[in-house]
Amino acid sequence: MTEHEHEEIEHERIEHRVVLRTDVAPDDATLVDDFTPELVDVGAHHLCPGCGEPIAIRSAVESIAELGAIERTISVFGIGCYTAFSNNLDVEVLQALHGRAPSLATGVKRMRPDALVLTVQGDGDMVNEGLQEVLHAAARGERITCVLLNNGVFGETGGHITSTTVLGQRTKNTLDGRDAERDGHPILISDLVASMGGAAYVARGAVNDAGNVARTRRMLTAAFECQERGDGFSFVEILTMCPTGWFVDTHDAPDYLADVIAGTHQVGVVKDTRGEAAS
Ligand code: SF4
């Protein structure tokens with residue numbers, strides 16, 4: 001296919017886009033033609049079909065727009081497939097080294113206290129490579145929001161298991177599934193972060209169905225509002241599909257998330273001290 005033909009197809013995809021709104025309750029959700037969040041400059045992306053990360057990113061930008069914080073949002077991205085969205089979003093994006101996004105965001109927030117500061121990281125980036133960074137930021141009660149896109153796999157670099165991969169879960173290079181004796185147990189990162197004294201709001205959402213997408217969107221808004229009030233550190237973990245890394249059929253990935261992953265990483269609000277002074 002020539003480059004011109006490829007551009008034509010991309011253009012057609014954008015022109016005929018039909019999307020499901022996520023800013024209303026699932027029962028009220030309707031299909032809306034050509035509905036593009038304010039902060040999305042380019043709708044087309046190059047992530048795998050069925051990947052959950054675009055839905056999570058979209059939910060975050062919708063919440064930012066809803067709060068009227070577009071002009072003063074500064075985001076810090078880790079390393080992962082989602083990094084591609086730095087070219088799609090009309091929002092300040094800083095690129096951190098592996099695992100270091102919470103520390104970079106801390107510096108940004110301290111210099112620009114009026115900014116809405118969020119990090120976006122994957123589980124390999126945050127939990128394997130930079131666990132101490134997020135825990136120390138939570139312990140200090142930094143007024144930032146850390147968003148974790150958790151799919152239990154190093155999707156960008158070939159499908160290795162991560163610290164959050166659940167027992168029995170298969171990945172591209174662990175076809176027998178995670179084994180506790182050989183690979184260790186999964187880290188429940190939201191529960192660990194919630195145990196830090198400076199953590200004011202911690203929640204775990206998912207993007208495998210419309211109900212969970214709507215709930216995750218409300219969690220993101222709650223976390224940003226927590227930051228805006230200065231209550232303390234806020235954290236939203238979002239379970240996302242990675243059919244490529246999981247080695248499952250694309251259309252089976254949402255059910256796989258519900259049946260295999262969410263049984264260990266349970267969706268819900270883990271800690272909520274909004275309105276109280278975090279100490
Ligand atoms: S490898 Fe996984 S996380 Fe990366 S774009 Fe593909 S589906 Fe998404």
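If Ala214 satisfies all but one of (1) under 28 Å from Arg110 (Cβ atoms); (2) in contact with a helix residue (DSSP H, G or I) (Cβ under 6 Å, 6 or more places away or on another chain), what's the number of the condition it fails?
Only one criterion is unmet by Ala214, namely (1).
Considering only residues that are over 26 Å from Thr171 (Cα atoms) and assigned to a loop (DSSP other than H, G, I, E, B), which ones fall in region 98-126?
Result: Arg112, Pro113, Asp114, Ala115.
With the structure loaded, tell me whether Leu188 is within 16 Å of the ligand (Cβ to nearest atom) and touching a His at 6+ places or on another chain (Cβ under 7 Å) or whether it fails that test.
The answer is no for Leu188.
Could you give every pair whose Cβ atoms fall below 6 Å, whose first residue belongs to region 116-143 and is over 25 Å from Ile161 (Cβ atoms) and open to solvent by 10 Å² or more (accessible area, probe 1.4 Å), and whose second residue is modelled with pLDDT of 95 or more and of a type in the set (Phe, Trp, Tyr), counting only separations of at least 6 or pairs across chains?
Filtered contacts from region 116-143: Glu142/Phe233.
Identify, please: which residue in region 191-217 is among the small types (Gly, Ala, Ser) and touching a Leu at 6+ places or on another chain (Cβ under 8 Å) and is, among those, surrounded by the fewest Cβ atoms within 10 Å (Cβ to Cβ)?
Ala210
When region 203-216 is examined, which residues are found to be of a type in the set (Lys, Arg) and within 11 Å of the chain's Cα centre (by Cα)?
Answer for region 203-216, where residues must be of a type in the set (Lys, Arg) and within 11 Å of the chain's Cα centre (by Cα): just Arg204.
Within the group Val93, Val40, Val61, which residue is out of contact with any Asp or Glu (no Cβ under 9 Å at 6 or more places or on another chain) and either touching a residue at least 12 places away in the same chain (Cβ under 8 Å) or under 23 Å from Asn212 (Cα atoms) (or both)?
Val93
Just to be sure I understand the filter: pairs with C-beta atoms under 6 Å, separated by 6 or more residues or on different chains, first member in region 162-179 and more than 15 Å from Asn150 (Cβ to Cβ), second member outside any loop (DSSP other than H, G, I, E, B). Which pairs pass?
Between residues of region 162-179 that are more than 15 Å from Asn150 (Cβ to Cβ) and residues that are outside any loop (DSSP other than H, G, I, E, B), the close pairs are Leu167/Arg178; Leu167/Ala180; Lys172/Gly245; Asn173/His160; Thr174/Ile161.
Looking only at region 136-156, filter to residues that are polar (S, T, N, Q) and part of a strand (DSSP E or B); which one of those is nearest to Ala206 (Cα to Cα)?
Out of the qualifying residues, it is Asn150.
Select from region 144-164 the residues that are open to solvent by less than 10 Å² (accessible area, probe 1.4 Å), within 16 Å of the ligand (Cβ to nearest atom) and of a type outside the set (S, T, N, Q) and write down the one among them that is farthest from Val267 (Cα to Cα).
If we take residues in region 144-164 being open to solvent by less than 10 Å² (accessible area, probe 1.4 Å), within 16 Å of the ligand (Cβ to nearest atom) and of a type outside the set (S, T, N, Q), then Gly159 is farthest from Val267 (Cα to Cα).
State all residues of region 218-264 that are assigned to a helix (DSSP H, G or I), crowded, with 16+ Cβ neighbours inside 10 Å, among the β-branched types (Val, Ile, Thr) and within 12 Å of the ligand (Cβ to nearest atom); if no residue qualifies, say none.
The one that is assigned to a helix (DSSP H, G or I), crowded, with 16+ Cβ neighbours inside 10 Å, among the β-branched types (Val, Ile, Thr) and within 12 Å of the ligand (Cβ to nearest atom): Thr244.
Could you look through region 80-97, keep only residues that are part of a strand (DSSP E or B) and of a type outside the set (Val, Ile, Thr), and pick out the one that is farthest from the ligand (Cβ to nearest atom)?
Filtering first and then ranking leaves Glu92.
Tally time: how many residues in region 61-79 are within 16 Å of the ligand (Cβ to nearest atom) and open to solvent by 10 Å² or more (accessible area, probe 1.4 Å)?
So the count comes out to 1.
Do we find a residue being more than 16 Å from Ser75 (Cβ to Cβ), touching a Cys at 6+ places or on another chain (Cβ under 8 Å) and small (Gly, Ala, Ser) anywhere in region 150-165?
yes
The values are calculated or read from the model by the stated rules, or taken from the named source; none is laboratory data. Keep in mind the model is a prediction, meaning the values are calculated, not measured. Counting neighbours? That spans all protein chains shown, and the Cβs are built from the backbone with ideal geometry, glycine included. Calculation scope for accessible area: heavy atoms of the full protein, side chains included, ligands and nucleic acids excluded. Shrake-Rupley method; radii C 1.70, N 1.55, O 1.52, S 1.80 Å.
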